[in-house]
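Report on one structure; see the data block that follows.
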């Protein structure tokens with residue numbers, strides 16, 4: 001549980017009593033690769049913190065094409081934010097890509113923590129703001145950068161994922177088909 005407390009401590013300082021209260025409101029789970037933690041069409045009840053392993057969020061369009069929205073590595077948070085915040089059915093799946101230990105924080109417990117430890121509301125607000133900035137940057141990148149530039153940016157942002165995540169998922173994340181991705185990667189290797 002040290003990792004999640006370190007994550008929080010980057011933004012707010014919790015007393016030992018507050019740390020204990022926070023830890024009493026979370027649950028640790030271990031999941032094997034390919035486990036679906038959340039299904040599209042369901043209401044998201046938890047946010048997930050990755051102690052170890054890799055998760056991804058994605059949706060599937062009407063043509064049964066996957067679109068990867070996020071990857072989450074050790075020390076990162078992930079969830080279907082639309083569903084979690086609105087408590088309406090979401091459109092994202094959350095899947096374990098590599099065996100993982102995950103900390104779950106329910107929406108209900110998170111709301112209780114806001115009342116009991118107000119600085120956690122600040123922590124999650126800052127996380128949400130950072131997420132919004134990252135989404136805006138990714139949207140602008142998708143509109144203005146070439147596929148090669150998006151891939152280079154992915155490599156610098158997620159250096160450990162390049163060997164661990166299937167190439168078709170990286171292709172989906174940067175917005176190209178797996179076939180285009182293979183050709184682009186071959187071109188880049190020739191340079």
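The values are calculated or read from the model by the stated rules, or taken from the named source; none is laboratory data. Note that this is a predicted model, so its numbers are computed, not measured. Because the Cβ atoms are built from the backbone with ideal geometry, glycine has one as well, and the counts that use them run over all protein chains shown.
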Among residues of segment 36-45 being in contact with a helix residue (DSSP H, G or I) (Cβ under 7 Å, 6 or more places away or on another chain) and part of a loop (DSSP other than H, G, I, E, B), the residue surrounded by the fewest Cβ atoms within 10 Å (Cβ to Cβ) is 45
When segment 125-180 is examined, which residues are found to be closer than 15 Å to residue 71 by Cα, assigned to a helix (DSSP H, G or I) and touching a strand residue (DSSP E or B) at 6+ places or on another chain (Cβ under 7 Å)? 169, 172, 173
Expected single match for part of a helix (DSSP H, G or I), within 15 Å of the chain's Cα centre (by Cα) and at pLDDT 95 or above among 4, 94 is 4
Quick one: residue 117 ticks every box in (1) closer than 28 Å to residue 41 by Cα; (2) in contact with a helix residue (DSSP H, G or I) (Cβ under 8 Å, 6 or more places away or on another chain) bar one, so which box is it? (1)
Among the numbered conditions (1) more than 23 Å from residue 81 (Cβ to Cβ); (2) in contact (Cβ under 8 Å) with a residue 12 or more places away in the chain; (3) not in a loop (DSSP other than H, G, I, E, B), tell me where residue 33 comes up short. (3)
State whether the residues of segment 61-77 include one that is touching a strand residue (DSSP E or B) at 6+ places or on another chain (Cβ under 6 Å), touching a residue at least 60 places away in the same chain (Cβ under 8 Å), closer than 22 Å to residue 139 by Cβ and assigned to a loop (DSSP other than H, G, I, E, B). yes
Is it true that residue 147 is surrounded by 14 or more Cβ atoms within 10 Å (Cβ to Cβ), over 27 Å from residue 34 (Cα atoms) and either modelled with pLDDT under 95 or over 16 Å from the mean Cα position of the chain (by Cα) (or both)? yes
Quick one: how many residues across segment 92-124 are surrounded by fewer than 15 Cβ atoms within 10 Å (Cβ to Cβ) and within 19 Å of residue 68 (Cα to Cα)? 1
